[in-house]
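Here's the structure, in structure tokens; my notes come after.
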There are 2 protein chains.
Amino acid sequence: MNLKDLAQHLGLSPTTVSRALNGFPEVAEATRVRVEAAAREYNYRPNTQAKRLATGRAMAIGHVIPISTQHEIVNPVFADFIAGAGEVYARAGYDMLLTIVPDAEQERAYREIRSKGNVDGIIVHGPRAGDPRIALLEDLGLPFVVHGRASGITRPYAFVDVNNSRAFERATRFLLDLGHRRIALVNGIEAMDFALRRRRGFERALAAADLSPDPRLMVAGEMTEAQGHDAARAMLRLSAPPTAFLTSSLLSAMGVRRALWEDGLVMGRDVSIVTHDDELGYLRNGAEEPIFTATRSSVREAGRRCATMLLRMIESPPPEPASELLEAVLVVGGSTGPAPGGAT
Amino acid sequence: MNLKDLAQHLGLSPTTVSRALNGFPEVAEATRVRVEAAAREYNYRPNTQAKRLATGRAMAIGHVIPISTQHEIVNPVFADFIAGAGEVYARAGYDMLLTIVPDAEQERAYREIRSKGNVDGIIVHGPRAGDPRIALLEDLGLPFVVHGRASGITRPYAFVDVNNSRAFERATRFLLDLGHRRIALVNGIEAMDFALRRRRGFERALAAADLSPDPRLMVAGEMTEAQGHDAARAMLRLSAPPTAFLTSSLLSAMGVRRALWEDGLVMGRDVSIVTHDDELGYLRNGAEEPIFTATRSSVREAGRRCATMLLRMIESPPPEPASELLEAVLVVGGSTGPAPGGAT
DNA sequence: TTTGGCATCCAAAGCGCTTTGGTGGCGAGT
DNA sequence: ACTCGCCACCAAAGCGCTTTGGATGCCAAA
């Protein structure tokens, strides 16, 4: 059943039917009702491709998720982010187009997306410091919102980000206030912008307490359970082991916890842990009471915000790119306590 | 730059240019070369919408991922599955369309997808026993491949699945052979088909050893770290606690491991753990040597297989739906050992 | 009675591609 | 010299929708 058929059934022209269905004013209310009833009855759905071709709007948003060849990891936050964004798209009648692209082919992929014209906008995932994709997309004139930011890029662009540096500064201060002086940082790969900012926040808090960061207590890598475990295990064997850990992911924190157990240390008493918590659906930090003290910020909500912002940009391009900075909240769980034996 | 422009530049008709670019035989080789060169030079990309409208093929595959309202979990395996499928689509020039749909609106969503006609086929995620979506899709005449199976549906349909029952039967037998008699099952939600089959495999192995399953040693729920922990903690307090655990996910296994530690038990000596391992990118079971003894099967590979199968179905509809049953391999890690104190 | 304006509806021209059903020209066969 | 067949190309008709630019009829105003 297509427009023409429907129009024929109704004894109307396709024009009128189209306008009736799309809420144009120049169609009598009675007619509109009649058309809508018929559309429902015959279960008419306008063909998307035709609509797209005619309007020039794809009614779809592209998500390009980079896949590193070196570190073959599919970031576990994507699923939740996508779920959040998907909700928004569904409500607005947009489709979500996913493209998995090896790091090296990013540029080609973006250009191709642009010229194929099957999306109206793009969400940029996993920005790095000075990420070239931002300039590229601006150049291509494709509306986009970055999930995160790219340090070093000065021209304004649309983004939704968590205030990572503030969160980690706050978390570090929290540990400092508890008397900890040797605090370890188990971070994500620091080519990623969010990890960079977290380190900066960490260092800023240390500096404010007149402490300088100890490179032996800082590690960056893929945020897995094994990473947390291995890093903690090694650090705990130092002559001056850390009394607290700050980790970038719940998985890493779980790894650190395991290392503590292996050494017979009690979490929250002998050694404290603070972690960032993205509130992933399948990785909760406890039910009501948090297990780990954490800087918490829902990545799913970030997905919603990104999507909303992008759709708004597409509907009516703003003169200035908007941006949104979400503040993580510090929730206190059982993984932290005063530094043992007083300050060093 | 569109077809017409390009044709004009070349002094050819759009017809010829189209045929040249699409590899039709009735165009002189010299002309084809000339056209291709020009296309490259002007960076011409055929407009996808137009192509789709003209050919009637969407060149896109839909993934409908159900989102439960009760258990608000975004299944962590989706990300990896999608990554695998995405590779295949990219190579074949297909797009991947993601739709996040609440459980209740599944049917509506499928019908809508069908009538909007913006995909050529669908991957069905998270099938349940007797899943109604299969009949629906058959009814709609939309090519589809199920990732998993739906017990109770007898008419043949295309699927790619892991032999879950065999895997868990094998894992259980492995534990039985080690002398374990009280084996706990920490399963996924048993409305999901894969979880059902795993339980069946588990019970089959027990039955073969003349043991009957103990309901107190069986739990089903969301496969999180907390689930594993809480389940194990409770079971270890039974008058006859299990000497081994079989879990459906690495996360659950990690939770069980935590419960063991809390009780001062040594994994692999006092209590054994076998888990299923989907080989998720961010959740590895050790680097070279596996930490947990596990039934291992890459969900990413399953994604590739599903995608490949679906594309093949679309290119040339087979008379009979194909199917593929992947066998999980049992890898032995440090989490298992002989049952302490001999058999019970 | 004429005119203008408004409310409704419609014909037809796209959107950019594919595809059907040709046409023109050239070499081979007779 | 003429026909036939094939090679290389092209004009035009879709695909199913939107949108421009009217057309028609009716009523109020003059």
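The values are calculated or read from the model by the stated rules, or taken from the named source; none is laboratory data. Nothing here was measured: the structure is a model prediction, and the numbers come from that model. Here the Cβ is made from the backbone with ideal geometry for all residues, glycine too, and neighbour counts use every protein chain on show. The accessibility values were calculated without ligands, DNA or RNA, using every heavy atom of the protein model including side chains. Shrake-Rupley method; radii C 1.70, N 1.55, O 1.52, S 1.80 Å.
Placing R0 at 25 angstrom, the Cβ-Cβ distance between A:Glu41 and B:Asp103 gives a FRET efficiency of 0.35 after rounding to 0.05. Kindly express, to the nearest 10 degrees and within the range 0 to 90, the angle between helix B:164-177's C-alpha long axis and the longest C-alpha principal axis of chain B. Rounded to the nearest ten degrees, it is 30. With loop membership from DSSP and a limit of 15 other Cβ atoms within 10 Å, the longest segment of chain B without GluC sites (Glu not before Pro) is B:73-287.
Residues in the stretch A:154-162 carry Karplus couplings, in order, of 8, 5, x, 8, 7, 8, 10, 9, 8 Hz; the curve used is 6.51 cos²θ - 1.76 cosθ + 1.60 with θ = phi - 60°, and Gly or Pro positions show x.
Taking B:Thr172, B:Thr31, B:Thr293 as the candidate residues, the one with maximal mean-square fluctuation in a Gaussian network model of chain B, Cα springs under 10 Å, is B:Thr31.
Listed values for the stretch A:18-25 are Karplus-derived 3J(HN,Hα) couplings in whole Hz (6.51 cos²θ - 1.76 cosθ + 1.60, θ = phi - 60°), namely 4, 5, 4, 5, 9, x, 7, x, and x replaces Gly and Pro.
Placing pseudo-labels 7 Å out from each Cα toward the beta carbon at A:Arg269 and B:Asp177 gives an inter-label distance of 4.2 nm. Note on exposure: A:Asp277, A:Asp210 ranked by accessible area (1.4 Å probe, complete protein assembly) read A:Asp210, A:Asp277, with the most exposed listed first.
With coordinates expressed along the principal axes, the C-alpha atoms belonging to the stretch B:3-46 extend over 23, 17, 16 Å, beginning with the largest. Using a probe of 1.4 Å on the protein chains alone, the accessible area found for B:Lys4 is around 140 Å². Given R₀ = 41 Å, FRET efficiency for A:Asn2-B:Thr31 by Cβ-Cβ distance, to 0.05? The pair A:Asn2/B:Thr31 has a calculated efficiency of 0.65. Accessible-area rank, largest first, for B:Asp230, B:Asp263: B:Asp230, B:Asp263, with all protein chains present and a 1.4 angstrom probe. Extension gain, B:Arg200 to B:Arg233: 0.36 nm times the residue separation minus the Cα-Cα distance gives 9.5 nm.
Taken along its principal axes, the alpha carbon cloud of the stretch A:164-297 reaches lengths of 38, 33, 27 Å, longest axis first. Mean partner shielding of peptide B:111-118, defined as the number of other chain Cβ atoms within 10 Å of each residue Cβ, is 5.
For A:Gly333, the residues 5 or more places off, or on other chains, whose built amide H falls under 5 Å of its own are A:Thr293, A:Ala294. What translational D, rounded to a whole number of µm²/s, comes out for chain B from Stokes-Einstein when the hydrodynamic radius is the Kirkwood one over Cα pairs, at 4 °C and 1.567 mPa s? It comes out at roughly 57 µm²/s. Within the stretch B:164-297, DSSP assigns beta bridges of which about 5% are antiparallel (rounded to the nearest 5).
Across the accessible surface of the stretch A:205-329, with the other protein chains kept in place and a 1.4 Å probe, carbon and sulfur atoms take up 52 percent.
Association of chains B and A removes close to 4200 square angstrom of accessible area from solvent, both sides included, for a probe radius of 1.4 Å. As a calculated quantity, the FRET efficiency between A:Arg312 and A:Phe24 at R0 = 22 Å, using C-beta atoms, amounts to about 0.40. For chain B, a Gaussian network of Cα nodes joined below 10 Å ranks B:Ile189, B:Ile100, B:Ile123 by mean-square fluctuation, and the top entry is B:Ile100. Computed 3J(HN,Hα) for the stretch B:99-109, one whole-Hz value per residue from the Karplus formula 6.51 cos²θ - 1.76 cosθ + 1.60 where θ = phi - 60°, is 10, 9, 10, x, 2, 5, 9, 3, 4, 4, 4, glycine and proline marked x. Across the protein assembly as shown, Cα-Cα distances exceeding 52 Å account for 17% of all pairs.
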